[in-house]
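Only one structure is covered here, and it is reproduced in the block below.
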Amino acid sequence: MVTKQLNGSDDADVMRADSLAREIFSDVANKWALLIIETIGDHTRRFTELRNDIEGISHKMLTQNLRMLERNGLIERTVHPTVPPRVDYTLTEAGHGLRATVDGMCDWTHRFLGHIEDSRRRFDAPIDS
């Protein structure tokens, strides 16, 4: 993946299709990235722990998202020289900053889950003629 060169304040504008901010937003605003950030939290986690804790994520999706998060400086990957090699993942300072936002989204979900369920039921209900 090739990242475009920085272009001043235009790169911070998520509304611009060609901005670096939009590229970063697109990377991290997916369910797997958010779940990985939340699962790592304040801990050091191994690949297998992450895969076991995040139901439904495939080996391939976990690998792709960990690489993307590392590329964007949100997680740090540490390879220990053991046989077999042990690889640990921790959040960076930027990752912890994003985690605060993810925690807010989780809180929002818990707070409004009942409301959303009710709304979906009403929306999906057959319309009486």
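Figures for the structure shown
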| read-out | value |
| --- | --- |
| Pick from the range 84-110, criterion part of a loop (DSSP other than H, G, I, E, B) and surrounded by fewer than 10 Cβ atoms within 10 Å (Cβ to Cβ), ranking: farthest from the chain's Cα centre (by Cα) | Pro84 |
| Residue match in the range 28-36 (condition: at pLDDT 95 or above, out of contact with any Cys (no Cβ under 9 Å at 6 or more places or on another chain) and open to solvent by 60 Å² or more (accessible area, probe 1.4 Å)) | yes |
| Residue that is free of Cβ contacts under 8 Å to residues at least 60 places away in the same chain, in contact with a Gly (Cβ under 6 Å, 6 or more places away or on another chain), small (Gly, Ala, Ser) and within 28 Å of Glu23 (Cα to Cα), where the choices are Ala94, Ala100 | Ala94 |
| Condition met for Val79 (within 22 Å of the chain's Cα centre (by Cα), under 16 Å from Arg45 (Cα atoms), open to solvent by 70 Å² or more (accessible area, probe 1.4 Å) and β-branched (Val, Ile, Thr)) | yes |
| Meets criteria (over 25 Å from Val14 (Cβ atoms), in a helix (DSSP H, G or I) and open to solvent by less than 100 Å² (accessible area, probe 1.4 Å)) for Leu113 | yes |
| Identity of the residue in the range 37-74, within 15 Å of the chain's Cα centre (by Cα) and among the β-branched types (Val, Ile, Thr), that ends up surrounded by the most Cβ atoms within 10 Å (Cβ to Cβ) | Ile40 |
| Test: residue in the range 2-23 that is under 13 Å from the mean Cα position of the chain (by Cα) and surrounded by 14 or more Cβ atoms within 10 Å (Cβ to Cβ) | no |
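The values are calculated or read from the model by the stated rules, or taken from the named source; none is laboratory data. In this text, all values refer to a predicted model and were calculated from it rather than measured experimentally. Every residue, glycine among them, receives a Cβ derived from its backbone with ideal geometry; neighbour counts consider all protein chains shown. Side chains are part of the model used for accessible areas, which takes the heavy atoms of the whole protein and leaves out ligands, DNA and RNA. Shrake-Rupley method; radii C 1.70, N 1.55, O 1.52, S 1.80 Å.
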